[in-house]
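Trainee: What follows is a single structure, and I will ask about it in a moment.
The values are calculated or read from the model by the stated rules, or taken from the named source; none is laboratory data. Not measured: the values here are computed from a predicted model. Counting neighbours? That spans all protein chains shown, and the Cβs are built from the backbone with ideal geometry, glycine included.
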Amino acid sequence: MTIKAIIWDLGGVLVRTEDWEPRDELAARLGTDRLTLINTVFGDDGDYRAQIGEITTAEQWADVAKRLNIPAEEIPAVKTAFFAGDMLDTELIDTIRRFKANYTTALLSNAMDDLRREIFENWKINDAFDHLVISAEVGVKKPDQRIYELTLEKVGVAPQEAVFIDDMPENIAAAKAVGMHGIRFVSKAQALADLEALLKQ
């Protein structure tokens with residue numbers, strides 16, 4: 001069956017941590033390690049409540065301050081330092097814009113409720129996608145089967161007509177389990193080569 005929709009993950013694919021030093025320096029300054037810091041910021045200790053919309057982004061960062069024992073007024077600086085090594089791949093975004101001429105494009109991301117504003121106001125990349133599916137807005141996150149079914153319904157294609165690109169093996173496995181094609185992102189060159197090969201079939 002012909003591919004009609006290309007669905008992209010955000011973190012680890014379109015936005016990647018290219019420099020770990022700022023995050024490691026922040027962890028050391030806060031008396032913790034990188035993994036603990038990452039889990040705290042993204043809400044792993046709280047079952048990712050912010051990523052399924054049970055609490056707001058502001059509430060999540062207030063929890064981060066509490067868990068790391070830092071004053072609330074320091075959170076903006078902590079947030080800046082935490083994300084300092086992350087880069088938006090603008091070249092890949094431009095590639096998605098070109099794909100949009102012939103395919104429906106969508107973003108499927110496990111993220112907090114501030115991602116839409118980031119996409120529209122700060123990064124200004126909303127034009128690359130026909131649809132945005134953000135876990136905090138829909139109340140379910142990858143790899144739950146329901147978010148893939150919801151995305152397919154929103155995009156308006158059958159599972160076999162969609163390909164999903166993500167860096168996490170469990171998210172790709174879940175997409176394939178509902179009948180979608182899946183490409184695990186290891187590098188940009190590899191993912192785009194795999195995608196082009198699939199589109200030619």
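Trainee: Is the range 135-152 home to any residue that is among the basic types (Lys, Arg) and farther than 20 Å from ILE183 by Cα? Give the steps one after another, and end with the answer.
Mentor: We begin by selecting, within the range 135-152, every residue among the basic types (Lys, Arg); these are 141-142, 146.
When the remaining residues are screened for being farther than 20 Å from ILE183 by Cα, the result is none.
No, the range 135-152 has no match at all.
Trainee: Then there is this: If the requirement is being surrounded by 14 or more Cβ atoms within 10 Å (Cβ to Cβ), small (Gly, Ala, Ser) and within 14 Å of TRP8 (Cα to Cα), which of these qualifies: ALA111, ALA136, ALA84? Spell out how you get there, then give the answer.
Mentor: Values: ALA136 fails: within 14 Å of TRP8 (Cα to Cα); ALA84 fails: within 14 Å of TRP8 (Cα to Cα).
Going through ALA111, ALA136, ALA84 in turn, just one is surrounded by 14 or more Cβ atoms within 10 Å (Cβ to Cβ), small (Gly, Ala, Ser) and within 14 Å of TRP8 (Cα to Cα): ALA111.
Trainee: On to the next question. Identify all residues within the range 23-36 that are buried (at least 18 other Cβ atoms within 10 Å of the Cβ) and either within 23 Å of ILE134 (Cα to Cα) or basic (Lys, Arg) (or both); write none if there are none.
Mentor: ARG23
Trainee: Considering only the range 1-102, give the strands (runs of 3 or more DSSP E) lying wholly within it that have at least 2 residues that are of a type outside the set (A, V, I, L, M) and under 15 Å from the mean Cα position of the chain (by Cα). Don't jump to the end; show me each part of the working.
Mentor: Details: elements: 5-8, 15-17, 86-88.
Here the list reads 15-17.
Trainee: Follow-up. Out of all the residues in the range 126-155, which are acidic (Asp, Glu), touching a residue at least 24 places away in the same chain (Cβ under 8 Å) and more than 19 Å from LEU92 (Cα to Cα)? Outline the logic, then answer.
Mentor: So in the range 126-155, the residues acidic (Asp, Glu) come out as 127, 130, 137, 144, 149, 153.
From what is left, the residues that are touching a residue at least 24 places away in the same chain (Cβ under 8 Å) are 127, 130, 137, 144, 149.
Scanning the range 126-155 gives GLU137, ASP144, GLU149.
Trainee: For the structure I just gave you, tell me whether ALA50 is at pLDDT 95 or above, closer than 30 Å to VAL157 by Cα and crowded, with 16+ Cβ neighbours inside 10 Å. Break it down stepwise before answering.
Mentor: On the way: at pLDDT 95 or above: yes; closer than 30 Å to VAL157 by Cα: yes; crowded, with 16+ Cβ neighbours inside 10 Å: yes.
Here the answer is yes, as ALA50 does meet what is asked.
Trainee: Next question. Looking at the range 159-201, which of its residues are small (Gly, Ala, Ser), more than 16 Å from GLY12 (Cβ to Cβ) and surrounded by 13 or more Cβ atoms within 10 Å (Cβ to Cβ)? Can you show your working first?
Mentor: Quick first cut of the range 159-201, residues small (Gly, Ala, Ser) only: 162, 173-175, 177, 179, 182, 187, 189, 191, 193, 197.
Still in the running and more than 16 Å from GLY12 (Cβ to Cβ): 162, 177, 179, 193, 197.
Those that are small (Gly, Ala, Ser), more than 16 Å from GLY12 (Cβ to Cβ) and surrounded by 13 or more Cβ atoms within 10 Å (Cβ to Cβ): ALA162, ALA177, GLY179.
Trainee: State which residue pairs qualify: first residue closer than 17 Å to LEU108 by Cα and inside the range 172-197, second residue part of a helix (DSSP H, G or I) and of a type in the set (Asp, Glu) in any location, beta carbons under 7 Å apart, and separation of 6 or more residues or different chains.
Mentor: VAL178/GLU149; ILE183/ASP194
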